[in-house]
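The values are calculated or read from the model by the stated rules, or taken from the named source; none is laboratory data. Model, not experiment: these values are computed from the prediction. Virtual Cβ from ideal backbone geometry, glycine too; neighbours counted across all protein chains shown. The protein model used for the area step is the full one, side chains on, heavy atoms only, and it has no ligands, DNA or RNA in it. Shrake-Rupley method; radii C 1.70, N 1.55, O 1.52, S 1.80 Å.
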Amino acid sequence: MKSITDILKSRNLLSIYLTAGFPTVERTIEILTEIEDYGVDFVELGMPFSDPLADGETIQQSSVTAIRNGMTLANYFEVLKIVRERTDLPIVYMGYLNQIMQYGAEAFCKKCNELDIQNLIIPDLPIEVYEKEYKQLYKKYGLLMSFLITPTTPEERIRKIEALTTGFIYVVSSSSITGKKRKITKKQQRHYEKIRAMNLSKPTMIGFGIYDKETYEFACRYANGAIIGSEFIRYVAKENAAQFLTSLKS
Amino acid sequence: MSFTTDQNGYYGNYGGAYIPEMLHQNIQQLQNNYEKIIKMSSFQEAYRKLLNDYAGRPSPLYFATRLSDKYGCKIYLKREDLNHTGSHKINNTLGQILVAKQMGKKRIIAETGAGQHGVATATVCALMDLECVVYMGALDVKRQAPNVARMKMLGAKVITANSGSQTLKDATNEAIRDWINNPEDTYYLIGSVVGPHPYPDMVAHFQSIISEELQQQLIKKEGIKNPHRILACIGGGSNAAGIYYHYLKNKKVQLIAAEAAGKGIDSGESAATSILGRDGIIHGSKTLLMQTSDGQITEPYSISAGLDYPGIGPMHAHLIKEKRLDVYPITDIEALEAAMELTSLEGIIPALESAHALGILPKLEIEKDEIIVISLSGRGDKDMEAYQKYFKYAKKHPHEDLEKSFLFVP
Ligand SMILES: Cc1ncc(COP(=O)(O)O)c(C=O)c1O
């Protein structure tokens, strides 16, 4: 199995976010099986949630579809079981805390460990709660945690997050929910520059609002790589995801 | 046992702040400052003045003679319906708008279900000359149309939430997303004792004026501070929190809540969170929550837009767990019947939300001379369409039993 820690030592990394079960369960499995051939280094596989607070319309809609397609956490793990027989592509779990609570935190960790999910992103798990309630458990099962930082996160807090991060630091590109398509702004550039200048000891990935070759490559100048979510999902919906991925690396 | 929050914003196991990092700065700023601001004498002075001269407080404690006769006890109504804008919501918006001003915020956002909180927010924004954006579910925009018109006249921008069940939960999601998108100058003015810490505590504090007055009014009218029972409806739980507040530690006073049972607990169409909910996280707070076994939040239903919410404030979840609060599920029909009863006996048309609290009365075993206080949280102007439809229906189907009358579609 490829280690995500090793992968995160490189640069120009391309990561893709996909909602599990979108547009169909079968298609999710296909995409995960083939995506490495298109230069994708690792995938964030999203567990769809009925009320995703940090997500814009594209991911909301894909979640509605995925839930309708029967995507439960149990089925999510079934999908992974199948995918694991076909590829050793590193997969990051991304999902909201409530579902992990309902599944049972320890049972969840066990399952992730079994299926070689190495890294978790839980956007509504604040670092304070993580430290108190989840850190030991995740450590016990060898799960790495990636936390978000945003343009409003003060330096002192970034340092705290840096210390707690065991996976990568998820640098949110601008103050917004997912899915906004905007030209690169001066403000954004200053944000990236500030993060780069901090010389963080953990790998960084930039995400939110990355949607084409230009925004991807620009982000790569400041971090280990970038994550594309909503735009990839839009292309999956239009059935030309392959073309989109090719265009990023052309 | 404590019924207030600890320093991390928990009521026992419930509460906290389960928020995405994007909201951290705003929430922390509020956490660090709200108590300080509220304690400032300039704040207290301004707040009390607005409550009295602008909102019309104290709200009367009305002895409902004919209703009391019917139930063989003494029933008092705490008349929050007589406040400016027509409900208890103004108590909270006046407090929070002063907090927002003190923090230098320029733009106010809010969610609303019944539209009462939206109207109360639009009102204080007009008063303070601040930009106001209110999120409201598409279904609620339709069923509470008079309040939409009021908000617009007051200068608020009303944005329709089209996701999910198009009700309060979805409006709240959209308001939170707006806040993530506008972290610099925007203040999120939450309308109930829900959301991440410090909102439940802050909103409960601003609503506590209700029980503060109630204690004094009861002494004047009955010579005692404590009623036997206090009844209130719970959407998120702010009018309930307000009328319970000064009685929380006083176990001699029985606290009772009505939650919306919609078309019945087992109908799949209700918002009876205390019965159907399990511990979970909604809108940044750990609390009781209606959800699937897989942790997807259930779309709730109630005829009352203000109670149509799959969660409950963390304070109430804690009170229920500690058995300090008894909850009665009240169906649409029971609430409608209770509204008719109050109207015909007392000449008061209640809001559909408050009608749920009144709907508890027939279910209680009441002793003579017992003193019961009911939170009449709002007036029924906004609900005339639903009431009219129901009267028409009830006339056509006079002898139907309650079960069958669920054929009635509001
Ligand atoms: C008149 C009235 N009562 C009660 C409620 C329910 O809210 P809460 O439980 O926060 O008091 C509402 C909400 O819209 C309302 O308008």
The one condition in (1) in contact with a helix residue (DSSP H, G or I) (Cβ under 9 Å, 6 or more places away or on another chain); (2) assigned to a helix (DSSP H, G or I); (3) more than 14 Å from chain A (Cβ to nearest Cβ); (4) not β-branched (Val, Ile, Thr) that B:Glu45 fails to fulfil: (1)
task: Would you mention how many residues in the range B:343-359 are crowded, with 24+ Cβ neighbours inside 10 Å and not acidic (Asp, Glu)?
output: 9
task: Report whether or not B:Ala64 is over 20 Å from B:Gly137 (Cβ atoms) and open to solvent by less than 10 Å² (accessible area, probe 1.4 Å).
output: yes
- prompt: Does B:Ile19 fit the bill of being surrounded by 21 or more Cβ atoms within 10 Å (Cβ to Cβ), closer than 30 Å to A:Ala54 by Cβ, more than 19 Å from the chain's Cα centre (by Cα) and of a type in the set (Val, Ile, Thr)?
  reply: yes
Unique match (being within 11 Å of chain B (Cβ to nearest Cβ) and under 15 Å from the mean Cα position of the chain (by Cα)) among A:Leu120, A:Leu143, A:Leu125: A:Leu125
message: If I filter the range B:328-359 down to residues being over 18 Å from B:Lys263 (Cβ atoms) and hydrophobic (A, V, I, L, M, F, W, C), which single residue comes out as farthest from the ligand (Cβ to nearest atom)?
response: B:Leu345
- prompt: Can you name the condition, by its number, that B:Ala171 falls short on among (1) more than 14 Å from chain A (Cβ to nearest Cβ); (2) surrounded by 18 or more Cβ atoms within 10 Å (Cβ to Cβ)?
  reply: (1)
- request: Output the residue which, of all residues in the range B:180-192 that are in contact (Cβ under 8 Å) with a residue 60 or more places away in the chain, within 10 Å of chain A (Cβ to nearest Cβ) and open to solvent by 10 Å² or more (accessible area, probe 1.4 Å), is nearest to B:Val119 (Cα to Cα).
  value: B:Asn182
task: Could you list all residues from the range A:220-243 that are β-branched (Val, Ile, Thr) and either at positive phi or part of a helix (DSSP H, G or I) (or both)?
output: A:Ile233, A:Val236
Output for the range B:285-327, where each listed residue is in a strand (DSSP E or B), of a type outside the set (Ser, Thr, Tyr) and either facing chain A (nearest Cβ under 8 Å) or in contact with an Asp or Glu (Cβ under 9 Å, 6 or more places away or on another chain) (or both): B:Lys286, B:Leu288, B:Leu289, B:Gln291, B:Ile297, B:Val327
In the range A:78-100, the residues that are open to solvent by 10 Å² or more (accessible area, probe 1.4 Å), touching a Ser or Thr at 6+ places or on another chain (Cβ under 7 Å) and under 21 Å from A:Gly167 (Cβ atoms): A:Thr87
message: I'm trying to understand the selection: among the residues of the range B:219-267, which are within 14 Å of the ligand (Cβ to nearest atom) and without any contact (Cβ under 8 Å) to a residue 12 or more places away in the chain?
response: none
query: Taking the condition more than 10 Å from chain A (Cβ to nearest Cβ), in contact (Cβ under 8 Å) with a residue 60 or more places away in the chain and away from the ligand (no atom under 16 Å from the Cβ), does B:His205 pass?
result: no
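Residues checked against (1) away from the ligand (no atom under 14 Å from the Cβ); (2) open to solvent by less than 10 Å² (accessible area, probe 1.4 Å):
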| residue | (1), (2) |
| --- | --- |
| B:Asp69 | yes, no |
| B:Gly72 | yes, no |
| B:Leu82 | no, no |
| B:Asn92 | no, yes |
| B:Gly115 | no, yes |
| B:Ala120 | no, yes |
| B:Leu127 | yes, no |
| B:Val148 | no, no |
| B:Met151 | no, yes |
message: For the range B:268-284, check the following and say yes or no: at least one residue is crowded, with 21+ Cβ neighbours inside 10 Å, within 14 Å of chain A (Cβ to nearest Cβ), without any contact (Cβ under 8 Å) to a residue 40 or more places away in the chain and assigned to a strand (DSSP E or B).
response: yes
message: Quick check on my filter: what residues within the range A:193-209 are in a loop (DSSP other than H, G, I, E, B) and either more than 18 Å from A:Lys183 (Cβ to Cβ) or open to solvent by less than 10 Å² (accessible area, probe 1.4 Å) (or both)?
response: A:Met198, A:Asn199, A:Leu200, A:Ser201, A:Lys202, A:Pro203
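Condition check ((1) at pLDDT below 95; (2) on the phi < 0 side of the Ramachandran plot; (3) aromatic (Phe, Trp, Tyr)) across all residues:
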| position | (1), (2), (3) |
| --- | --- |
| B:Tyr309 | no, yes, yes |
| B:Pro314 | no, yes, no |
| B:Ile366 | no, yes, no |
| B:Asp369 | yes, no, no |
| B:His397 | yes, yes, no |
| B:Leu402 | yes, yes, no |
- prompt: How many residues are closer than 17 Å to A:Thr204 by Cβ, touching a residue at least 60 places away in the same chain (Cβ under 8 Å) and either open to solvent by less than 20 Å² (accessible area, probe 1.4 Å) or touching a His at 6+ places or on another chain (Cβ under 6 Å) (or both) when one looks only at the range A:133-178?
  reply: 2
- prompt: Name the residues in the range B:291-327 that are touching a residue at least 60 places away in the same chain (Cβ under 8 Å), within 14 Å of B:Lys263 (Cβ to Cβ) and within 16 Å of the ligand (Cβ to nearest atom), would you?
  reply: B:Pro300, B:Tyr301, B:Ile303, B:Ser304, B:Leu307, B:Asp308
message: Criterion first (within 14 Å of chain A (Cβ to nearest Cβ) and open to solvent by less than 20 Å² (accessible area, probe 1.4 Å)) does B:Ile27 satisfy it?
response: yes
statement: Residue count, the range B:95-113, condition within 16 Å of the ligand (Cβ to nearest atom) and either free of Cβ contacts under 8 Å to residues at least 24 places away in the same chain or open to solvent by 20 Å² or more (accessible area, probe 1.4 Å) (or both), comes to 0
